[in-house]
Amino acid sequence: MSEEVIIARETPNLVGTVQVSGAKNSALKLMAAAILGQGETTLHNVPVISDIAIMGEVIEALGATVCREGHDMVIDTSTVDKYEAPYELVSKMRASISSLGPLVGRFGKAHVAMPGGCKIGARKIDMHLVGLEQLGVSFEMDHGYLVATTPEGLHGGSIMLEFPSVGATENTMMAAVVAEGTTTIDNAACEPEIEDLANMLNAMGAKVRGAGTSSIEIEGVPLAVMHPCEYTTVGDRIEAGTYLAGGALLGGPLTVEGIKSDYLRMAILKLRAMGCDVQTGEDFITVQRGKPLQAVDIQTLPHPGFPTDLQAQFMLLASLAEGNSVITENVFENRFMFAAEIARMGADVTIDDHHALVRGTEKLQGAPVVSTDLRAGAALVLAGLAAEGETIVRKIDHIDRGYEDYVGKLVKLGARVERVTLDVEDM
Ligand code: UD1
């Protein structure tokens, strides 16, 4: 059996400038939001990654047309006449659940397949449902599908989320924009992608205030007021953070362009604590390191805390740092699968519940490893650049979900890395 893999070889340094793509976690929701404006919405800076292609299929399954040209996308939702997100698509990509809020907003009803289990924890959707119920949505389960109805129409509500869930904040927001009356979402997620979504909804005619803070206020407008718009996706802070981790790993100087440094304040703070020099400007961040990496304690938290999506990349840095680091994962259960793979390369990581004790080692060794998720996959490729010999990273479809041209961008920075198709029978 053959499989496409990434082979990473020991690389002296990563130097130069890399252009960050549009944020995956923003673009996916902007595409879903387009359902609320009947007509042609144009999105710019849309990353060329497989998750975006799946969201395109979700929207097409509703009757829309999606045209892509490079990083531009035109979504024509005037022909949308279905309100079902089918299981084949939701099971491929959990973020398909983001269609729930806009479908309820546009049709007053939705059939969305329940996402199944996920490797990085239970990832329930109870808070999405609690938020929408406050707006007048009723839910029933029907053979694996969530059936949403609004017997008395959508109305504003006062919502207090138990945890600042990104997905629940977004789904609630996308329905509330067309609910009658005012909605408040407290303990809302503050991620930059939420602000990006609110900005697009406002460009479509919605009235959302406070997005990007923990308290969002939405004054509902009639559905007919919502119109298509032209909108540019914000830069991907996680992609940027991944390349910065690469620069910190090998020394740099490495610059990421197309990203606001404010979005990565906590990650920059940790890079500095680990001994890196980090310079920031309007639209770029540069990392450089002239002395050994130092151990640091990290805990993942909702934004502006340290992002869980950078946890694996920083565990890699901790593995090669002087001293012992404790990494605490507070956002997802079971998000330490990366540790087992990096241990195969000689890292010393002990997991105890949601804490990882990482004892720094001097060198990693190349080995065959498997991407367990998108971020772990990206971190394993970086690990291969720092390791002696050759590292073969398998299951790279995970990486393709969220990193546009990962290998191409790394090669431009000097990485010795390539995609090849191998016979994997004996591996
Ligand atoms: C989004 C991002 C993901 C990122 C995460 C946290 C997308 C497509 N994905 O995921 O990359 O890692 O934010 O920053 O944008 N939870 C519940 N019930 C709910 C909702 C969430 O218990 O109804 C739990 C989850 O299981 C998880 C935690 O809350 O443990 C955070 O989840 P959430 O913020 O909702 O993440 P996602 O929106 O799924």
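The values are calculated or read from the model by the stated rules, or taken from the named source; none is laboratory data. Keep in mind it's a predicted model, so treat the numbers as computed, not measured. No Cβ is skipped: glycine too gets one built from the backbone with ideal geometry, and neighbour counts run over all protein chains shown. To get the accessible areas, we keep the full protein, side chains included, count just its heavy atoms, and leave off ligands, DNA and RNA. Shrake-Rupley method; radii C 1.70, N 1.55, O 1.52, S 1.80 Å.
Data overview
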| item | result |
| --- | --- |
| Proximal lysines relative to LYS270, as straight alpha-carbon distance under 19 Å, when same-chain residues fewer than 8 apart are discounted | LYS260, LYS291 |
| Shape of the chain, Cα gyration tensor, a/c cut at 1.5 | prolate |
| Percent antiparallel among DSSP beta bridges (both partners in segment 252-360, rounded to 5) | 80 |
| Protection-proxy order for peptides 149-162, 321-334, each taking the mean of Cβ atoms within 10 Å per residue, highest first | 321-334, 149-162 |
| Calculated [θ] (222 nm, deg cm²/dmol) that DSSP helices of n ≥ 4 give over the chain, each run adding -39,500 (n - 2.57) | -9000 deg cm²/dmol |
| Solvent-accessible area, 1.4 Å probe, carbon plus sulfur percent, for the chain | 49 |
| Straight-distance crosslink candidates among lysines, where the alpha carbon sits under 20 Å from LYS207 and sequence neighbours closer than 8 are dropped | LYS29 |
| Ranked by how many other beta carbons lie within 10 Å on average, peptides 277-283, 1-7, 36-42, 232-238 from highest | 232-238, 36-42, 1-7, 277-283 |
| Lysines with Cα under 16 Å of LYS109, excluding same-chain neighbours fewer than 8 positions away | LYS82 |
| DSSP H segments from the chain that extend 18 Å or more along their own axis, Cα-based, with Kyte-Doolittle mean of 0.5 or above | 237-250, 374-386 |
| Solvent-accessible area per residue, Å², over segment 64-195 with all protein chains present [probe radius 1.4 Å] | 42 |
| 1.4 Å probe accessible area per residue over segment 319-409, in Å² | 38 |
| Other-chain or far-sequence residues with amide H under 5 Å of ARG416's (modelled H) | ARG9 |
| Segment 140-170 versus segment 57-111: alpha-carbon centroid distance in Å | 17 |
